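J.: Handing you this structure, nothing more for now.
All of the numbers you see were taken from the coordinates with simple rules; none came from a lab. Given the structure is predicted, the values throughout are model-derived calculations rather than measurements. In this analysis, Cβ positions are derived from the backbone assuming ideal geometry, glycine residues included, and neighbour counts consider all displayed protein chains.
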2 protein chains.
Amino acid sequence: MTTIRDVAKRAGVSVTAASYALNDTGTIGDATRKRVLEAAEELNYHPNAFARHLKNRQTLTIGVFISRFGGSFYEEVLEGIHSVILDTDYELLVCPESRSTRRMLLHRQVDGAIVFDSKIPDESILKLASRRFPIVLLDRALQNDFVLPLLLDNAQGVREAFRHLYEQGFHKLAFVAGAADSFDSAERMETFFAEAESHQLTVDVYQGNFTEISGYETAKAIIYEHTLPEAVFCANDQMAIGFLRAMREHDLSAPKDIAVVGFDDIPLSRYTQPQVSTIGTSRFEWGASAAHQLIDFLENETPFQPQRIPTHFLPRESSTQKQVVQEKP
Amino acid sequence: MTTIRDVAKRAGVSVTAASYALNDTGTIGDATRKRVLEAAEELNYHPNAFARHLKNRQTLTIGVFISRFGGSFYEEVLEGIHSVILDTDYELLVCPESRSTRRMLLHRQVDGAIVFDSKIPDESILKLASRRFPIVLLDRALQNDFVLPLLLDNAQGVREAFRHLYEQGFHKLAFVAGAADSFDSAERMETFFAEAESHQLTVDVYQGNFTEISGYETAKAIIYEHTLPEAVFCANDQMAIGFLRAMREHDLSAPKDIAVVGFDDIPLSRYTQPQVSTIGTSRFEWGASAAHQLIDFLENETPFQPQRIPTHFLPRESSTQKQVVQEKP
DNA sequence: TCAAAAAAGTGAAACGTTTCACTTGATAAA
DNA sequence: TTTATCAAGTGAAACGTTTCACTTTTTTGA
């Protein structure tokens, strides 16, 4: 490994001069600078990031902590984050969950974090966050000066979906919840309940866990009960898709026998048969927003602006009677 | 930030003793060790990763360099990598393409790399790789003692697909290539050509770029020509899906008018109408293999074992005449 | 022409670890 | 009792940067 010392020697200057030349800081003559840069080139020199970070107490890196890669859900969020980072001096690191995640966070290997992993406990977040280490949360409603929750406006989309179901006369309702520790699932359920209540309706609840199979199994369970609901709201699309699969196996069809609504608008949702009514949001914008606020905080100490990411209901075949709403795949 | 110095002071021992106690190295008495660990706990001490790495010249981290997050293609590969890393002491960092990628690579912030980003030039790879910095390549056939290509066995799948088409009597063939700089596209094309040649057939080639739209437009172009091919092989599924979309718009149906085959077996491919015949592979295993070999090299200097990831043809509706092969979605 | 100011460059400390070479005191062996 | 061995612990150097405080040289302005 060639160090700045080697470069300095080759250029015949002090280490300081070499550092100044390489970083374009300090005061250094043009001739010297050139000589240093040439030497660096010739020696194929690249500064040791660790030494630099150790000295600077800054990494110019932001970390994204997700629980796993799968689910095709994070993808667009990550792309949004990436798109913002590309225009800055920052680098982007994505770290999937594991004991090492905590280590990374704790060891301050990044200047700030975007967290999308509900397995990281609230206390950790609160303990870690500081002016020097701001954190943006995409998965829970926790907040202080250095912790910014950036959440979906679940209520908006759910209300639209409820109205859509209600106005078509679906009044016997069920709700399939997602993972028990999920903030989003809880909020979606709350809203759905509140709406139902204000229309003097009740809702049967089933506990799922966001997977396709849990939707499938919930549907089976419901079908084996004596009375079917008229409409079921699943806390995400994967469960809705599983639900529909089970219905198909029992020769039930949506929306004729049960209307089905999901959440997320994953790509698949418009390719199934029937297409899944769902609630969409711009995940790309979501990620971009998060990155934006984080960078702004880091660079200019711009205070965090809590904000909700808009969502909107997308009526499709699985919950729409009569004239079929056909979207081109 | 609390440092090891603070911990040592609080425990009333030297910095060395503290370090030994914390890392379980050196010789240190039980009583002292306990005192140090307590002090660390009380002060909420976490070692500074940069200082440590600087000293150790080791990061216990492997980096994955991809061009972008989108495409739902990397996802499973990443999961495979992750699954292996979880069982080791290593951490996983994923870094999307940008000027910073090069920086990261160059600055040795990781102990080894898995590269899936054809924008990184061959020379960079060769220049960087060394016993101390092994690199696994998922996107090109470059090799030496410290550079391991782990590629799909494109030939295998393509041959199966060719046979499937040939035996059904599709003898007028076309090939839609992917991005011009893609190794995989080139290899798929080569194999397809070789097969055709050995059966005294010729193939019309069209240049696509792996996107859905390029498949769509190629189809348009072909349809406007006077004679349609009997079968078209697209270098990936997205193009095949685009191709089918264009066919539908012209009231052509697969395989009746043109049989269509893709590559990759992306989730969507079995949800389209008709379902896309394609060539599948276990991307999860692919990632796992890469991680495995890299870790093995790092820990035990186990020499790299070049190997091809098996692929297999999956006949589906878009290329199968008569009895329809129906897979459950 | 001379003092003052600016430009160009230097040496050494510091960032927070780990670890080598060493000291101290106790225990065991002769 | 003396010496050798061992366990427990210490001080300081080293990792590769950046930057502060300083020196030397050149330029400027009167």
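J.: Averaging the inverse of every distinct alpha carbon separation and then flipping it gives the Kirkwood radius. What is it for segment A:4-47, in angstrom units?
T.: 9.7
J.: How far is helix B:183-198 tilted, in degrees, relative to the longest principal axis of the Cα atoms in chain B, given as a value from 0 to 90 rounded to the nearest 10?
T.: So the inclination is approximately 30 degrees.
J.: Counting only C-alpha contacts under 8 Å and six or more residues apart, can you give the relative contact order of segment B:99-239 as a whole percent?
T.: Across segment B:99-239, relative contact order equals 20 percent.
J.: Running Debye on chain A with equal point scatterers at the Cα sites and no solvent, what base-10 log of I(q)/I(0) appears at q = 0.07, 0.11, 0.14, 0.16 Å⁻¹?
T.: -0.40, -0.76, -1.05, -1.23
J.: Also, I was wondering about something else. Assign unit charges at the C-beta atoms only (+1 for Lys and Arg, -1 for Asp and Glu), then state the dipole size of segment B:1-100 relative to its Cα centre in Debye, rounded to the nearest 20.
T.: My answer is approximately 700 debye.
J.: Relative to the other copies, what are the label-point distances for A:Gln58, with labels 7 Å from Cα along the C-beta vector, expressed in nm at one decimal and sorted shortest first?
T.: 3.2
J.: Here's something else I'd like to know. With the Cα gyration tensor of segment B:1-102 giving a ≥ b ≥ c as the square roots of its eigenvalues, does the rule (a/c under 1.5 for rounded; else a/b larger than b/c for prolate; else oblate) give rounded, prolate or oblate?
T.: Taking the square roots of the gyration eigenvalues as a ≥ b ≥ c, segment B:1-102 is prolate.
J.: Need one number: % antiparallel among DSSP beta bridges in the protein assembly as shown, to the nearest 5.
T.: Bridges in the protein assembly as shown that DSSP calls antiparallel: roughly 15 percent.
J.: Distances from B:Val205 to the same residue in each other copy, label points 7 Å out along Cα→Cβ, in nm, shortest first?
T.: Result, one decimal in nm: 6.1.
J.: Now for a different question. Rank these for me by crowding, B:Phe50, B:Phe193, going from fewest to most other beta carbons within 10 Å.
T.: Fewest-to-most ranking of B:Phe50, B:Phe193: B:Phe193, B:Phe50.
J.: Tilt of helix A:30-43 relative to the longest C-alpha principal axis of chain A, in degrees (0 to 90, nearest 10)?
T.: 70
J.: What gaps in nm, shortest first, separate A:Thr3 from its twins in the other copies when you place the label 7 Å past Cα toward the beta carbon?
T.: Distances between equivalent label points, in nm: 1.8.
J.: For segment A:238-285, max minus min Cα coordinate along each principal axis, in Å, sorted largest first?
T.: 39, 15, 14
J.: Continuing with the same structure: Quick one: Karplus J couplings for segment B:79-89, per residue in order, coefficients 6.51, -1.76, 1.60, θ = phi - 60°, nearest Hz, x for Gly and Pro?
T.: Per-residue couplings from phi come out as 4, x, 4, 4, 4, 6, 4, 4, 8, 10, 8 Hz.
J.: Still on this model: Tell me, A:Thr27, B:Thr61, B:Thr32 in order of fewest to most beta-carbon neighbours within 10 Å?
T.: If I rank by nearby Cβ atoms, fewest first, I get A:Thr27, B:Thr32, B:Thr61.
J.: In a GNM of chain B with a 10 Å cut-off on Cα contacts, which of B:Asp87, B:Asp153, B:Asp30 has the highest mean-square fluctuation?
T.: Between B:Asp87, B:Asp153, B:Asp30, it is B:Asp30 that shows the largest mean-square fluctuation.
J.: Over segment B:227-319, how many percent of alpha carbon pairs lie in each 5 Å bin up to the one with the longest distance?
T.: 3, 14, 21, 17, 11, 8, 8, 7, 5, 4, 2, 1
J.: So in chain A, what percent of DSSP beta bridges are antiparallel if you round to the nearest 5?
T.: Approximately 15 percent, going by the DSSP bridge assignments.
J.: 222 nm [θ] for chain B, helices only, -39500 (n - 2.57) per DSSP H run of 4+, per residue, to 500?
T.: Dividing the helical sum by the residues of chain B leaves -13000 deg cm²/dmol.
J.: While we're here: Compute log10 of I(q)/I(0) for the protein assembly as shown with the Debye formula, placing one identical point scatterer on every Cα and leaving out solvent, at q = 0.07, 0.09 Å⁻¹, to two decimals.
T.: These q points yield log10 I(q)/I(0) values of -0.56, -0.90.
J.: Can you give the angle from 0 to 90° between the axis of helix B:237-249 and the longest principal axis of chain B, with both taken from C-alpha atoms, to the nearest 10?
T.: On a 0 to 90 degree scale, this one is about 30.
J.: Show log10 I(q)/I(0) for segment B:154-280 at q = 0.12, 0.14 Å⁻¹, two decimals, from a solvent-free Debye sum over equal Cα scatterers.
T.: The Debye formula, applied to the Cα set alone, gives -0.36, -0.50.
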